[in-house]
Amino acid sequence: QVQLVESGGGLVQPGGSLRLSCAAPGFTFSAYNMAWYRQAPGKERELVATITSGGGTDYADSVKGRFTISRDNAKFTMYLQMNSLKTDDTAVYYCNGRRLRFEYWGMGTQVTVSS
């Protein structure tokens, strides 16, 4: 059973930084395209950033220049470095892995940006 486990969420002031991690032990991690999604209260889940198995990245316009997605295949881990956080970034952040017909989700980690 594949498990994706997010960590690193928490409470941070506007302008602050957090780094999220998504661990995927026992998973053919390097072959999967990975992504971060988020869901704010009362809103639909939205795509934040993607990283392909080859390392190509893409970002939602709302986070470009502030967030950086990366992966360490040797550690079976994906990261999301979030800088210059805004109150609008408050959400539950989810890790996603996808390859062919297979898709997996983590349980999410809460990020709250508030003064």
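The values are calculated or read from the model by the stated rules, or taken from the named source; none is laboratory data. Remember, predicted model here, so these are calculated numbers, not experimental data. Heads up, the Cβs are rebuilt from the backbone with ideal geometry, glycines too, and the neighbour counts pull from every protein chain shown. Surface accessibility is based on the protein's heavy atoms, side chains included, excluding ligands, DNA and RNA. Shrake-Rupley method; radii C 1.70, N 1.55, O 1.52, S 1.80 Å.
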Next on the checklist: Quick check: net charge around Tyr37, other residues with Cβ under 9 Å of its Cβ, Lys/Arg +1 and Asp/Glu -1?
Outcome noted: +1
Item to check | Accessible area expressed per residue, region 4-68, with surrounding protein chains retained (probe 1.4 Å, Å²) | outcome: 52 Å²
Next on the checklist: Net charge around Ala24, counting only other residues with Cβ within less than 15 Å of its Cβ (Lys, Arg = +1; Asp, Glu = -1)?
Outcome noted: +1
Next on the checklist: Give the residue list of trypsin sites (Lys or Arg not before Pro) in region 19-115 that are DSSP loop and have at most 11 other beta-carbon atoms within 10 angstrom.
Outcome noted: Lys43, Lys64, Arg101
Checklist entry - Using just the C-alpha positions of region 15-115 as equal point scatterers, what log10 of I(q)/I(0) does the Debye formula give at each q in 0.11, 0.24, 0.25 1/Å? => result -0.30, -1.37, -1.46
Checklist entry - Over the heavy atoms of Thr90, what accessible area does a 1.4 Å probe trace out, to the nearest 10 Å²? => result 30 Å²
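Considering only protein heavy atoms and a probe of 1.4 Å, how much of the accessible area of the chain is carbon and sulfur, as a whole percent? Display every interim value, and only then the final one.
Working: 2980 of 6280 Å².
Carbon with sulfur: 47 percent of the solvent-accessible area.
Can you give the net charge of the other residues whose Cβ lies under 14 Å from the Cβ of Thr52, counting K and R as +1 and D and E as -1?
With Lys, Arg at +1 and Asp, Glu at -1, the neighbours total +2.
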